[in-house]
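The values are calculated or read from the model by the stated rules, or taken from the named source; none is laboratory data. These numbers come from a predicted model, not from an experiment. Because the Cβ atoms are built from the backbone with ideal geometry, glycine has one as well, and the counts that use them run over all protein chains shown. When the accessible area is computed, the model is the full protein with side chains, heavy atoms only, and any ligands, DNA or RNA have been set aside. Shrake-Rupley method; radii C 1.70, N 1.55, O 1.52, S 1.80 Å.
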Amino acid sequence: MYRKLSNNATQRETAEVVNRILDGGINSTGTIALNNGDTKLTDLRIGYNSVILFSARTAESSGSPFVKIKAKGEAIIGFGGDTGTKYDYVIFG
């Protein structure tokens, strides 16, 4: 799913992860199909203070997703569009 460094990572492992981040590969992305109403997003990288941003996968996507509730490892996403509409997401924090 994503790479996480251990507490005793080598310099090479640390450099690989840092270089990937600098190249834009932050490893905190995913895809979700939203339903009209509420959809539960489960992802271990979500925390109480996380910011979750969405990007539509199709030009004709209707509605705008929004985060209603965040908890450790999950969030409830509100959506007023068509059921099954796919969005990419990124988690910060």
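Some values worked out for this structure:
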| quantity | calculated |
| --- | --- |
| Estimated distance in nm for a label pair at residue 76 and residue 10, the labels positioned 7 Å out from Cα along Cα-to-Cβ | 4.7 |
| Estimated 222 nm signal from helices in the chain, with DSSP H stretches of n ≥ 4 weighted -39500 (n - 2.57), rounded to 500 | -4000 deg cm²/dmol |
| Residue 6 accessible area, assembled protein chains, probe 1.4 Å, Å² | 70 |
| Bins of 10 Å, starting at 0 and running to the largest distance - Cα pair percent for the chain | 15, 41, 27, 13, 3 |
| Selected from 67, 18, 51 as most flexible by GNM, with the chain as the system and alpha-carbon contacts under 10 Å | 18 |
| Carbon + sulfur, % of accessible area of the chain - ligands and nucleic acids excluded, 1.4 Å | 50 |
| Choice from 29, 14, 42 with maximal GNM fluctuation in the chain (Cα, 10 Å cutoff) | 14 |
| Surface accessible to a 1.4 Å probe, residue 82 within the full protein complex, Å² | 100 |
| Whole-number percent relative contact order across the chain, with pairs defined as alpha carbons under 8 Å at least 6 apart | 36 |
| Accessible surface, the chain, averaged per residue in Å² (probe 1.4 Å) | 68 |
| R0 of 22 Å, Cβ-Cβ distance residue 23-residue 59: FRET efficiency to nearest 0.05 | 0.20 |
